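Single-structure report; data block below.
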Amino acid sequence: MTKTRRRRLAAAGRYAFLTLWAVIVIFPLYWIVSTSFKPSDQWFSWPPVYFPSPPTLDNYRDVWIGATSVAEGGQTALSLQTPFLALRNSLILAFGATAAAVLYGSVIAYGVSRYRLLSETRMFQLLMLRMVPPIVIVAPLSLYFSYLGLLDSMVGLGVMYFLTSLPYAVWMTKSFIDEVPREVEQAAEILGASRWRTVFEVVLPLIRSGLVATFMFILILNWSEYLLSLILSKTNVVTLPVELSKFEGSTEGRLFGRQAALSVGITFPLIIIGLFIRKHLARGFSFGMVRR
Amino acid sequence: MAEALAGAAAGKVAPGRLDVSRSQAVRRFKWVILLPLMLMLLSLLTPVLLLQLYFSFHQWTVYLSSWWQADFVGFDIFQSVFTDPRFGWAVLRSLAFAGGSTIGCFVLGFLLAYLIYRPFRGQALYYALFIVPMLTAPIVIAYTGQMLLDRNGPLNDILSWLSGHDIRVLWLSDPDIALLTVTLLDIWNWTPFSFIIMLAGLSSLPKEPVEAAQILGASAWRIFLEVQLPLLRPVILLALVLRFLDAMGSFPIIWGLLQGGPGTATETLGIYIYITTWQDFNVSLGAAQSYITMVMMVGIVLLAIRLLRREKRSLDTMYTKPRDAEETA
């Protein structure tokens, strides 16, 4: 009797705690969405408005199409905003750099898995590219890039995204390649396939769902990257996270509604992608420490 | 060693064809793979690190003319960094922020993982919800934080409603609270990371030791402390180390939310370097600060790598699969 009661209490406690955390997780996201539908007089009101009434699409229109009629005395800062350019840049940079990193990373990973291309020490040292914070080199990097003509260019920022993505690409794809039985490659080899053909036509197709998971995992990181983009871009290659900060600090006050409207556009594609690959997320950073 | 391994693998395919041309081909294959990476590192990182070193020893700000004519000043700039109390505070704040975030994420992430790892109704839904913060861009979290934590924001409203008093905490403008605020936001952002790692660790634990302990009549608490926790050591280490390293370099949340303010209350290393270089335009000072930070971080990373490698080694010997053993033999 007491035992079943205690067990029931424990189960209830568990649900209560998990639900509490779920609410803490969801509330900020709810707030972005709800703010993005609020008219400007409800952005700062006290008490705060939880359900925009009436909900409006003005914020989305102002962010994406341009402010036509904004409250007190037109806002010049808006002309600086280039959401479609930022969207295009973010798409090209995140997808391009990620694809390149996953492709090259998986070839390196194959070499490591099958030919010990990099020793375990080197594999861990590769992580330095990711683990040492970029802020410590961005100043000389931007100077160097300006001499190479790479400052404020897609190539320059893309190369940096590529390099910082590579460690995760190698480690993550290696965990998938390690699971491919060697017999498959040996069969291909007996049939006379070259090493390169074996990699591209036998091994990589076998791990394609792993490659997709790796791609999306790194895409999330590159899509949200802020610091490199802030420093290595000026006006041409602004990405969405930097675009978002343009709604900040200008004289006309904080434009919560528009920030929220743009945030929705930045965030929700990522959440969908992440939920899509949720089962594989652990591989992204388990670095061979979790055994199945 | 590597050639021998490749040879051994090949030996299975075609016994007797283990010859020089093959190992040459393997070597060429390896070089072709590595060459682009080496070229990139050499052409990008080397000049950047040299420039960094140059600026650390030559006094230059953007107000002076060409940077290559700057005066050599020896260790003066490093000395001014080391005697700068603001830099020392930035180091301490970074450590406090990273340490707080690491511990907070770990405790919460481990607790959530422990509560969720055995199948129960709703498990998949909770898992999906819990990973969401990690998928949100940090800069979005910063700006959302600004809305939520405003003096007239919903957080104070909810706290007032819960407590029945009128609570107006100045989450962002009170210098005593600001660092705690950004740490809490960082914990919100990255708890999923520890959660995912600990969940993977917990669900990959072998079942036999736990069952054996249960048969021997051990309590759940003792099983956790004396059986599961020791087995989880490598995963725990991984979760702590990676989170700490990442938090040390954290930039967007603090910058987007407070720019190091109010005053210097949230000025961590990354923020201070940024302000020195891009607001004061003191490139040399920024370079020296960066250099010291980099040396420190490389030191910490190397230490972390040694720790992780040792754990991975012991795992490797524990889990050597019969198939692998056969192939290397």
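The values are calculated or read from the model by the stated rules, or taken from the named source; none is laboratory data. Note that the coordinates shown come from a computational prediction; the quantities given were computed from them, not determined experimentally. Methodologically, a virtual Cβ is constructed for each residue, glycine included, from the backbone with ideal geometry; neighbour enumeration extends over all protein chains shown.
Structural remarks
- In region A:63-79, of all residues being over 25 Å from the mean Cα position of the chain (by Cα) and assigned to a helix (DSSP H, G or I), the one that is modelled with the lowest pLDDT corresponds to A:THR76.
- Test set (1) of a type outside the set (Phe, Trp, Tyr); (2) more than 24 Å from B:LEU303 (Cα to Cα); (3) part of a helix (DSSP H, G or I) - B:ASP246 fails condition number: (2)
- Residue match in region B:119-126 (condition: part of a helix (DSSP H, G or I), more than 25 Å from A:GLN259 (Cβ to Cβ) and either in contact (Cβ under 8 Å) with a residue 60 or more places away in the chain or facing chain A (nearest Cβ under 7 Å) (or both)): yes
- Members of region B:60-89 found to be within 17 Å of B:ASP280 (Cβ to Cβ), in a loop (DSSP other than H, G, I, E, B) and either of a type in the set (A, V, I, L, M) or within 14 Å of chain A (Cβ to nearest Cβ) (or both), listed by number: B:TRP60, B:THR61, B:VAL62, B:LEU64, B:ALA70
- Taken over region A:236-245, residues that are free of Cβ contacts under 8 Å to residues at least 24 places away in the same chain and closer than 9 Å to A:SER90 by Cβ amount to 0.
- Among the candidates B:ARG93, B:ARG22, B:ARG28, the residue that is of a type outside the set (Asp, Glu), in a helix (DSSP H, G or I), modelled with pLDDT under 85 and more than 30 Å from B:PHE224 (Cα to Cα) is uniquely B:ARG22.
- Residue among B:ALA142, B:ALA178, B:ALA96 that is within 13 Å of chain A (Cβ to nearest Cβ) and either more than 30 Å from B:SER204 (Cβ to Cβ) or aliphatic (A, V, I, L, M) (or both): B:ALA142
- Exactly one residue out of A:SER233, A:SER286, A:SER263 is more than 25 Å from B:GLY256 (Cα to Cα), of a type outside the set (A, V, I, L, M) and either surrounded by 23 or more Cβ atoms within 10 Å (Cβ to Cβ) or in contact (Cβ under 8 Å) with a residue 40 or more places away in the chain (or both): that is A:SER286.
- Any hit, region A:103-121, residues being within 30 Å of B:VAL91 (Cβ to Cβ), free of Cβ contacts under 8 Å to residues at least 24 places away in the same chain, out of contact with any Asp or Glu (no Cβ under 6 Å at 6 or more places or on another chain) and within 13 Å of chain B (Cβ to nearest Cβ): yes
- Residue match in region B:167-174 (condition: within 13 Å of chain A (Cβ to nearest Cβ) and modelled with pLDDT of 90 or more): no
- B:PHE55 being without any contact (Cβ under 8 Å) to a residue 24 or more places away in the chain, touching a helix residue (DSSP H, G or I) at 6+ places or on another chain (Cβ under 8 Å) and either buried (at least 18 other Cβ atoms within 10 Å of the Cβ) or of a type in the set (Phe, Trp, Tyr) (or both): no
- Within region A:216-243, the set of residues being among the small types (Gly, Ala, Ser) and either assigned to a helix (DSSP H, G or I) or within 10 Å of another protein chain (Cβ to nearest Cβ) (or both) comprises A:SER224, A:SER229.
- Among residues of region B:136-156 being touching a Pro at 6+ places or on another chain (Cβ under 7 Å) and at pLDDT 90 or above, the one that is surrounded by the most Cβ atoms within 10 Å (Cβ to Cβ) is B:ILE139.
- Residues of region B:279-299 satisfying the condition of being buried (at least 17 other Cβ atoms within 10 Å of the Cβ) and over 15 Å from B:GLY88 (Cβ atoms): B:ASN282, B:VAL283, B:SER284, B:GLY286, B:ALA287, B:SER290, B:TYR291, B:MET294, B:MET297
- Selection over region B:42-71 of residues that are farther than 17 Å from A:PRO134 by Cβ and either touching a Cys at 6+ places or on another chain (Cβ under 7 Å) or hydroxyl-bearing (Ser, Thr, Tyr) (or both) gives a count of 7.
- Subset of region B:260-288 [more than 7 Å from chain A (Cβ to nearest Cβ) and under 26 Å from A:PHE124 (Cα atoms)]: B:LEU269
- Scanning region A:1-45 for residues that are charged (D, E, K, R) and within 7 Å of another protein chain (Cβ to nearest Cβ) returns a single hit, A:ARG14.
- The residues on offer are B:ASP246, B:ASP316, and the sole one that is more than 25 Å from B:PHE82 (Cβ to Cβ), touching a residue at least 12 places away in the same chain (Cβ under 8 Å) and of a type in the set (D, E, K, R) is B:ASP246.
- Within region A:81-108, the residues that satisfy the criterion of being in contact with a Leu (Cβ under 7 Å, 6 or more places away or on another chain) and small (Gly, Ala, Ser) are A:ALA86, A:SER90, A:ALA94, A:ALA101, A:GLY105, A:SER106.
- Any chance A:LYS246 is at pLDDT 80 or above and either farther than 30 Å from B:PRO234 by Cβ or more than 9 Å from chain B (Cβ to nearest Cβ) (or both): no
- Taking (1) over 19 Å from the mean Cα position of the chain (by Cα); (2) assigned to a helix (DSSP H, G or I) in turn, A:ALA213 satisfies each apart from (1).
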